[in-house]
Every structure is written in structure tokens, then in C-alpha cells.
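Asks: Structure below; questions to follow.
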Amino acid sequence: MCVQDLGRPGFMAFGLSQGGAADRLALIEGAALLDQDVGLGALEMAGAGGTFAFSHDGRIALTGAPMRALLDGRPLAWNASHGVGAGQRLELGGALKGVFAYLHLGGGIATPPVLGSRSCHLVAGLGEVLAAGAELPLGEDPKPGETGWRLQSVADRFSGGLVRVLPSAQTGLFGAAQIERFQSVTFTRAQRGNRQGVQLTCDGAPFAVAGQLRILSESMVPGDIQMTGEGRPFVLLPECQTTGGYPRIANVIPGDLPIVAQAAPGARLRFRFVSLERALAADQSPRQLWARLRRARVPLVRDPHDIADLLAYQLISGVTAGADHADEGCSEGEEDER
Amino acid sequence: MNDIPGAPHPPPDPSSSGPSSSGPSPADPHPDPPHAAPPPGSLAYPHLRAIGLTGVLVDFSATLDEASNRAALAFRHMLETESWPGVEETATSLTSVFVRFDPAHVSHARMKQALQQALARRDWYSAPFPAGRRLWSVPAVFGGEHGPQLAEAAALAGLDEQAAIDELAARRTRVLTLGFAPGQPYLGELPRHWDLPRQDTLTARVPAGALVVAIRQLVLFSFASPTGWRHIAQTAFRNFRPQGDTPFVLHPGDELRFVPVSPETLANIRARDQSGNGGATSVPVP
């Protein structure tokens, strides 16, 4: 696990990619739940969770790939914000689906920024994977005590699915037949993958540009879908290199990149070209997304175990004292993330 | 900076905590041999190509040559100087300029039109290099344990070791582009007899500051890394100094010359120069 924020834009010319959270939407969801700055640092966990002790009272939010979460043994809702007390222990199990889970803290993780960001960028040697025993400083919490929110409808991007793409540098060199096949084939996320990118496999012939063209190294960006030497796609993620020479058949629109990042090995992905107009219509800045998500928060219905005086609350039908999920019974046709 | 073979990392399973290999990929850095055939059906140069929602590539050539590299540097310099509204970032690679922009601010059509107009302003292939370039003199130990493949590389270039050192030391090489690792320069071009193939098998690890050679170029490594290029010399120069006032020391277009020193001299430099310069000095490119 490592600290991530929105990354460091502006250094491509020097060979440093932007980096930042692999699932940027999950980062923004956490900031919205805690009603704090969208640029703050959070903890990104790739597949595996961990145990966390709190030295002070504070707030947390949990987003991204859902994990089983226990605070002092008591289940916590995912995609929600919660209060934590000094001395309490948070246990997060492995991802139940998807890859990248996020633990957000009130005030954000306040490790010293380097080149304007707290994001760990492993390839560039910035920051580090946190080891057991690591202590993380927190910033001043803008809204201490404001907890108990959840996101009502979280985009289910944790099991693969349809990914919208636009043309990239070599799209035109693949020819109509391959572009058609690219959109009709179902790809499977291979084992090989990390914050730099993920390998996909598919049935059928390799994808290749005419005449085994060699392409001079040129700039590449997250979302680019390279066809590697074996003719299989490698989708670039935020920590990708800044230049490369594989032909790129398409570029994933920014809003759908989390679907690729969160596709665990074995997940199935399909690609579809969309018009520039549709891609623009689907695009939102982090700030816009944050504002929309913040407005869409709803109060978290608390677990009856927590409620000292049950009679003071009107219980929702179906919640029983035996319920072991904090938000069980309060969903309205919403998929249970766990 | 990877060309066709090699490139993306063999990444570990994400269920382990992030990439375990801390260094860059074994991928062999790099660009193509110069003067390869242009791509079939390729457009006339220079031309524009969209990359996703927020990028346009201004491409000056399918193959590396001095004029195209210079055109890219000059065109980017113009963009940086004029700082167009909506442009968020620009970068050069060997022969192209990447422009990242905010499509909510400037439409694709308008951005492409503005770039076409800028391309038409002049013959960019005859543009001078941008001002402000630096010439760095970097102490380097050639051969021996500091450059274990010098003899092999020299032989491939048809030279003996001393002739190879003399030739490389006498030459100024230009930063064609930076990449593969932060601040890491691709330097060239060397004369044709240095058009060496990459090794069939990767060297498992060369140290940070290693100088390696292949395909008429030199690379000065930012970090310890595996490589398919041949390790001919060692410097104490650090390309990337994230905690320093100048995190990125070299800029595309800067020039470097390597000054042969003894292993003892390099050891002394390491002992007294903590700046990351490794004894290197710089002056404006004459």
C-alpha cells in the first residue's frame, strides 16, 4: 500500500508521468464523503488490506475495491465515512472484487509533498510502499466530527465491463477490420499488471499494424492501449512511462480508466469507440466530480448495535439486531458492495 | 523510451502491494535505427494526430534526424514561450511534440487549427535550437570495472578501446529526449559506426550514473537498471534530484561531453561533491 493523490502533472517533458491514484474516481469519492479538498493524500491498497491503529480521534472514508472492514471488530459500511476514536483498530480484509481500495483520513495524509504531490511513484523512486509499523501524519481536519455519510449509487467498476475509447496515435494504421474486431472481442485481464498498466489477453490472431511497422518512440499517456510485440493489448495506467514505441490502437476515456484499473485478473473487458462529443459529455474534472458526489451523499443508517437508545430511532423494516452489516436494510435496490 | 520489443514492464500481480521491482523495466530503452522506411500510408510531415481526449501529437518525422529533433525542440519552445490558453503541458520526444490541453477550454478543432497555423508560420526544420541550452562536462571513468563492456562496444564500432574513448570524449552529444526514467537523457547522434545492436540478453543491472551505448546513442542512467545497451563508462552525475532545487538537471537540447578521469578521481569526486553533479560543470552552449 502507498500514499496517493491526484499526482504530479507537468513533468512529461522530463520523463516523469503524472502518476496519482490508480482509480481516481475512488480518490474523489473519499474526498466528497469527508467533505474535504479533492487533492489530499489517501492510502491506496492494491488487493490486500491491513490493520490500522488510530492515535487520535478522527474520521475515515472507505472507497474503491470493496473490502471487509471492521472497526474494533464491528463491521463498517464501504463507500461511507465513519468516526474513529483514539486507540481503535481498523481491519481491512482483501479486496472482495476489484483491485485498488482506498482509506481516506480526515485532513488527509500529510506526508511531505515532493514535486507538488504526495503520490508514491515507484518507477520514479518517489515515495515508498508502506511497511508494517509505518506511521502516517495527518493534516488538520476541516470538518472534524462530520461522519456518517455514504454514497448512494457507486459506479460498479470492479468487475470489468464495457470501456469507451477514442482514437490514439496509431489507430488509423490498424485498418477497419482490426478496429472492428477490437470492438467485438472480449478481452481478459491477465495476471500481469500494476500501477503502470495491465496486460490483456484475447482469443484469435494478434493485433498488428501493417508491415510490422517500427515506430519511433513518442509520447504516450495513461489510457493508451498499446499492442505489444505479441499483439496483445497493454493498457497504460497513471504510472506509465512517458514515451514508447508500440503502436497504440485506442485511448480509454478518462472516466472509464478506473474500470481498467479495477479489473482483477480474469475480469472481462470490451472496448467501444465513441465520438469525441460523447467522450466530452462524459468528462468531468476532479472538482466537478467531487461537487456532484458531495451533493449525492446520503446519511448512513447506523447499526442498531451502535444506538444506545433504540426507541429513539425508527427502525427500517428488515433490520434486526442480528444484522452484521452496518448498512444492511437501507439500500434501495442498490448492489451490496460486499 | 522503449521501442517495439521489450517495453512494458513485466509487472507483478497487483495483489502484492504494488510493483515490487523498484527500478525501471528491463525493457531496453529505445528508439529505432535511424533512416528506417517511413510507415506505409503515412501522412506528410509535419502532421497532427489526436491522442485520446486531451492530447495532440505534432509529429515532424518517422525517423530520427537532427533537423526533425531540432524542429520538435523549437516548436515546443514556441508553445512554452507563447503559453496558449487551454494548453496544460507540452513535451518533446525524439521527433515530435506532445500537447496536452483542456478540451473544456479549447475544442479539439480549434487546437488543431491553431497548431496547423503555427506549423505554417515557418519551416521548422530550419529553425534554430532554442536559446538557453547548457553544455555539461561530465567526468567519466571509461572501461575497466566502471565500464565493463567498453572493449566489446569499441570492437563492434571497429575501434580499439583508446580510440573509442578518444572519439567519445572529443564529441559533444545532444539530449535528444528525456525518458524511461525521470530526467534520463538519450544522447546523440553518434557517427554511423556506433550503430551498435542491443545485446541479445539484458545486463541484469548497471548502476545509477552508468553510461551505455547502442544505436548511435548514449544513455546516462538515472537509476540502477537492467539494460540491453552496453555499459562503457561510469559517472557520478545524478539526472534526477527530487529533493533538490533543480529536480531535473538536463533539458532536451542540452549538450554533454564526457571527460575521461581515473577511478581514483571519480572516488574523490564522490567523496566531496554531494550536489549530484558528480564533478560536472556547465556553461551556455557555445
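No value in this document is a laboratory result; all are computed from the given coordinates. The shown structure was predicted, so the numbers you read here are calculated from the model rather than taken from an experiment. Cβ sites come from the backbone with ideal geometry, for glycine too, and all protein chains shown count toward neighbours.
Asks: Tell me the relative contact order for chain A as a rounded percent, counting alpha carbon contacts under 8 Å between residues six or more apart.
Replies: Once divided by the residue count of chain A, the mean separation gives 20 percent.
Asks: Explain nothing, just the number: relative contact order of the range A:1-108, from Cα pairs under 8 Å at least 6 residues apart, as a whole percent.
Replies: The value is 31 percent.
Asks: Compute and list, largest first, the equivalent-ellipsoid semi-axes of chain A from the alpha carbon gyration tensor, each √(5λ) rounded to a whole angstrom.
Replies: 38, 22, 17
Asks: Report, largest value first, the span of the C-alpha coordinates of the range B:47-126 along each principal axis, in whole Å.
Replies: Cα extents, longest axis first: 36, 23, 18 Å.
Asks: Rounded, prolate or oblate: which fits the range B:134-284 when a ≥ b ≥ c are the square roots of the eigenvalues of the alpha-carbon gyration tensor, with rounded for a/c under 1.5 and prolate only if a/b beats b/c?
Replies: Rounded, because the longest to shortest axis ratio a/c is under 1.5.
Asks: For B:S222, B:S68, A:S184, what ranking results if the residue with the fewest other Cβ atoms within 10 Å of its Cβ goes first?
Replies: Starting with the residue having the fewest Cβ neighbours, the order is A:S184, B:S68, B:S222.
Asks: Quick one: net charge of A:V185's neighbours, Cβ under 14 Å, K/R +1, D/E -1?
Replies: Net local charge, A:V185 excluded: +4.
Asks: List the equivalent ellipsoid semi-axes of the protein assembly as shown in whole Å, largest first, each obtained as the square root of 5λ for an eigenvalue λ of the Cα gyration tensor.
Replies: Equivalent ellipsoid of the protein assembly as shown: 46, 28, 22 Å, largest first.
Asks: Using only C-alpha atoms and all pairs of different ones, pull out the Kirkwood radius for the range A:42-190 in Å with one decimal.
Replies: 18.0
Asks: Specify the inter-centroid distance of the range B:242-286 and the range A:1-67, based on alpha-carbon positions, in whole Å.
Replies: 36
Asks: Where does the charge balance sit around A:S285 when Lys and Arg score +1, Asp and Glu -1, over other residues with C-beta under 12 Å from its C-beta?
Replies: 0
Asks: Still on this structure: Once you sort the root eigenvalues of the Cα gyration tensor of the range A:161-282 as a ≥ b ≥ c, which label holds: rounded (a/c under 1.5), prolate (a/b larger than b/c) or oblate (the other case)?
Replies: Rounded.
Asks: For every other residue with a beta carbon closer than 11 angstrom to the beta carbon of B:S275, add +1 if it is Lys or Arg and -1 if Asp or Glu, then tell me the sum.
Replies: Summing Lys/Arg as +1 and Asp/Glu as -1 gives +1.
Asks: Name the long-range amide H neighbours of B:E89: under 5 Å, sequence gap of 5 or more, or other chain; modelled H, no Pro or chain starts.
Replies: Here the answer is B:R100, since their amide H atoms fall under 5 Å of that of B:E89.
Asks: How do A:C2, A:C240 line up, fewest other C-beta atoms within 10 Å first?
Replies: Ascending Cβ contact count within 10 Å gives the list A:C2, A:C240.
Asks: Sticking with this structure for a sec: Non-local amide H neighbours of A:Q152 (under 5 Å, H modeled in plane, Pro and chain starts lacking H): which ones?
Replies: A:V298
Asks: Something else now. Please list, by residue number, everything in the range A:213-250 whose backbone N is under 14 Å from a paramagnetic label point 7 Å out along Cα→Cβ of A:A190.
Replies: Under cut-off, by backbone N: A:226-236.
Asks: Take A:H56, A:H104 and order them by how many other Cβ atoms sit within 10 Å, fewest up front.
Replies: Ranking A:H56, A:H104 by Cβ neighbours within 10 Å, fewest first, gives A:H56, A:H104.
Asks: Summing -39500 (n - 2.57) over the DSSP H runs of n ≥ 4 in chain A and dividing by its residue number, what mean residue ellipticity at 222 nm do you reach, to the nearest 500 deg cm²/dmol?
Replies: Helices in chain A give a 222 nm mean residue ellipticity of -3500 deg cm²/dmol.
Asks: In whole Å, what is the distance between the alpha-carbon centres of the range B:108-159 and the range A:168-222?
Replies: The distance from the Cα centre of the range B:108-159 to that of the range A:168-222 comes to 29 Å.
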